[in-house]
Amino acid sequence: MRTDSISIVCAGDRTFIMPIKVMLKSLLVNTRSEVQVFILSTGWGEAEKKRFDELVLSHKNVRIHFLDIPKEKCPKAFKVTGNITIETYYRLFIPQELPQSIEEVIYLDGDIIVEGDIRKLWEIPMKNCAVMAVPEMFHDAHRVSSPLALNTYADLGIPGERKYFNEGVLKINLKKWREEKIPQKILAYLEEYRDKVLWHDQDGLNAVLWKDWSELPYEWNVMTALFHEKDYRKIDMDEKTAKDLMASPKIIHYTNSREKPWKDSCTHPLKSRFQYYKELLIEKEKV
């Protein structure tokens, strides 16, 4: 059953404490509805959790719940590389970790900024699909058959023209995930095809749910790759649409590992939006 309160889930290790806090600040600045946030984490101390008190005190419409996930809960066979930590797989534990009364949830990565009212995303009907998402905006990963997408699509009998979605912003039908044991299916895929997995649990989601997902409006997950694309036709987009998305994103997703807005190496044209919300936090903490 849906409630009037918007349920948000995010996850990250200790290095993502600051980005998650900035992301939530941006969400709360632009949303007046009641929001309950579930943070799936490992190894956060009480002092680190208290850093989120400012959000609660500044925005009376939010409740934050910390859910500690033991690292050993994730199978050792899971692939972990570079800047992708075990916490990326915590998406798969959302159905069992959240109260059974919550049947829908919005999952948000920590490397995003929310510029729109999240209630507008919350109110988009699920239409009984398992998940809603935005296709990858990098042309080499836009379809499951693209060179940097789902390596196993042919083995699994998935039509090559199917789009490959990004998992950074998801609307999840928790009721369906529980009833159809979707996390267990994804976990089984990730273990069986470990050597072919390229994008970690995102591969598992696309492999298992390729027939059971629908598209969100692209404005709710505007990825870094769009700002570097030279031929928008490669991602099934016209130039006007692309430029409108870049000019007025509802969610900015800093997807490239070199383009995280808290890094000196970041050259993203909307890096300043992250800095803006970060400054709002700093100013409040000084008071």
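The values are calculated or read from the model by the stated rules, or taken from the named source; none is laboratory data. Quick caveat, the model's predicted, so the values are computed rather than measured. Cβ atoms come from the backbone with ideal geometry, glycine included; neighbour counts cover every protein chain shown. In case anyone asks, the SASA skips ligands and DNA or RNA and just uses the protein heavy atoms, side chains included. Shrake-Rupley method; radii C 1.70, N 1.55, O 1.52, S 1.80 Å.
Odds and ends about this structure:
- DSSP-assigned coil residues among trypsin sites (Lys or Arg not before Pro) in the range 113-166, each with at most 11 further Cβ atoms within 10 Å: Lys127
- The range 149-211 and the range 224-255 have Cα centres separated by 24 Å.
- 13 Å Cα-Cα reach of Lys21 towards aspartates and glutamates, excluding residues that sit fewer than 8 places from it in its own chain: Asp13, Glu48, Asp53, Glu54, Asp109, Asp111, Glu279, Glu285
- Ignoring aspartates and glutamates fewer than eight residues from Lys163 along the same chain, the ones with Cα atoms less than 13 angstrom from its Cα are Glu136, Asp140, Asp203, Asp212, Glu215, Asp236.
- Segments 206-214, 178-186, 56-64 sorted - mean Cβ within 10 Å per residue, highest first: 206-214, 178-186, 56-64
- The range 186-201 - phi-based ³J(HN,Hα) in whole Hz, Karplus 6.51/-1.76/1.60, Gly and Pro as x: 5, 4, 5, 4, 4, 6, 5, 10, 3, 6, 9, 6, 9, 10, 6, 5
- Packing-based ranking, highest mean first, of 262-274, 187-199 given that Cβ atoms within 10 Å are counted: 187-199, 262-274
- Label-point separation, Lys49 to Glu161 (7 Å along Cα→Cβ), nm: 5.1
- Sparse-neighbourhood loop sites, trypsin sites (Lys or Arg not before Pro) in the range 1-54 - DSSP loop, at most 16 other Cβ within 10 angstrom: Arg2, Arg32, Arg51
- For the range 102-130, backbone nitrogen atoms closer than 18 Å to the point 7 Å from Arg63 Cα along Cα-to-C-beta are found at 102-106.
- Rg/Rh ratio calculated on Cα atoms of the range 206-278 (Kirkwood radius): 1.01
- Here the sum of -39500 (n - 2.57) over DSSP H runs of 4 or more residues, divided by the residues of the chain, equals -8000 deg cm²/dmol at 222 nm, to the nearest 500.
- For the range 143-247, alpha-carbon Rg and Dmax in angstrom: 14.9, 43
- Accessible area in square angstrom per residue, the chain, 1.4 angstrom probe: 45
- The stretch between Ser214 and Asp236, if pulled fully straight at 0.36 nm per residue, gains 6.4 nm over its current Cα-Cα span.
- Cα-Cα over 27 Å, subset of Lys230/Lys263; Lys25/Lys240; Lys25/Lys211: Lys25/Lys240; Lys25/Lys211
- Apportionment of accessible area to carbon and sulfur, the range 160-287, percent (1.4 Å): 48
- Length-normalised contact order for the chain - Cα pairs under 8 Å, 6+ apart - percent: 20
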